[in-house]
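Q: The structure that follows is given in the form of structure tokens.
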Amino acid sequence: MENIIILLLALAIDLTMGEFPRSLHPVVWMGKVTSLGLRIAPRQGRCAQLIYGAGVIILTIALFALPAYFLLSYLMGLNMVAYVLVAAFLLKSTFSLKELHRVAFRVEGFLERGNLSKARVEMKGLVSRDTSKLDEPHLVSATVESVAENTSDSFIAPLLYFLLFGVPGAIAYRVVNTLDAMAGYHGEYEYLGKFAARLDDGLNFIPARLSGLLMVAAAYLCRRDGKDAWRVMLRDHGKTESLNAGWPMSAAAGALKTRLEKVGHYSLGNANNPLSPQLIFSGIRLMEISALLWIGLCLIVEVMDLAFIA
């Protein structure tokens, strides 16, 4: 029963408060720890970088997940109300719906008003690619892609690991995902980040595919093209460099009957509908319905678990 209350309270905190202040946000501190580790990392030797990178991620998981585990274990024996409140705040820090919703709508608003420069600046909060030269269709595409991918990475995945391993599991997932975003496969930290990238791929294997299926279901529920969402997802999910991102993104492309494209990297879906700013609203709606479906599934799992225990 406690997990149901924790989940619902965490969702209520996210929808009412949004993101925590940066000075108090655990993900910001994860980034600071990672940055410190990267600054003193070895610059030469692939093997040395791989070992060092693995050490950084294991240490960072321990620094954040273990204190959460021991704190919550202590509070559970001390006061159940305090336990639930702290667990809910910690869980909320691992996901974000309201902020993703806010940024995507701001991009749409700037594009509707023809303000491409501000839309490009706002897009930096959603994607890692260079946005300075993106035209309107590619800004729309990048926004819809990011909303779809982050439905998996920033919501479905952390809640899955909460169901499996509690709040410490969600925190551990967020550590891995943060390190992957900061280092990843390529660039200066390619081998330093390769362990994090591979681990992130593994942790997102199920959530990404689950997200794609939820996007297909959401397409039917919000009167989009569910059949095309399914067909395009099966056809195009492997076109992205990421093993996982293509599943929710290609499902969204099919549902919206449009082509999502990162020039020089991938093209998902078919260009039936033009990439107009209005498609961002439709992409957000897909995210919202997918999130509601996932919350419903999480609650069903918890209720069944309670029934099984009883």
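The values are calculated or read from the model by the stated rules, or taken from the named source; none is laboratory data. From a predicted model like this one, the values you see are computed outputs, not experimental measurements. Note: ideal-geometry Cβ built from the backbone for every residue, glycine included; neighbour counts use all protein chains shown.
Q: Which numbered condition in (1) surrounded by fewer than 22 Cβ atoms within 10 Å (Cβ to Cβ); (2) among the hydroxyl-bearing types (S, T, Y); (3) closer than 19 Å to A157 by Cα is the only one that S250 fails?
A: Only one criterion in (1) surrounded by fewer than 22 Cβ atoms within 10 Å (Cβ to Cβ); (2) among the hydroxyl-bearing types (S, T, Y); (3) closer than 19 Å to A157 by Cα is unmet by S250, namely (1).
Q: Specify the residue that is surrounded by the most Cβ atoms within 10 Å (Cβ to Cβ); the eligible residues are those in region 259-278 that are touching a residue at least 24 places away in the same chain (Cβ under 8 Å) and in a loop (DSSP other than H, G, I, E, B).
A: Only one residue fits best here, namely L275.
Q: Quick one: count up the residues across region 51-83 that are crowded, with 16+ Cβ neighbours inside 10 Å and not hydroxyl-bearing (S, T, Y).
A: 11
Q: OK, next. Taking the options S141, S128, S132, name whichever one is at negative phi, hydroxyl-bearing (S, T, Y) and modelled with pLDDT of 90 or more.
A: S141
Q: Which one of G238, G212 is surrounded by 19 or more Cβ atoms within 10 Å (Cβ to Cβ), part of a helix (DSSP H, G or I) and not aromatic (F, W, Y)?
A: G212
Q: With the structure loaded, tell me whether E136 is surrounded by 20 or more Cβ atoms within 10 Å (Cβ to Cβ) and of a type in the set (D, E, K, R) or whether it fails that test.
A: no
Q: For a quick check of your reading of the model, give me the residue pairs whose first member lies in region 11-38 and is farther than 16 Å from F64 by Cβ and modelled with pLDDT under 75, whose second is part of a helix (DSSP H, G or I) and not β-branched (V, I, T), with beta-carbon atoms closer than 7 Å and at least 6 apart or on different chains.
A: L38/Y189
Q: Going through region 216-228 one residue at a time, which ones are at pLDDT 95 or above and small (G, A, S)?
A: Passing the criteria: A217, A218, A219.
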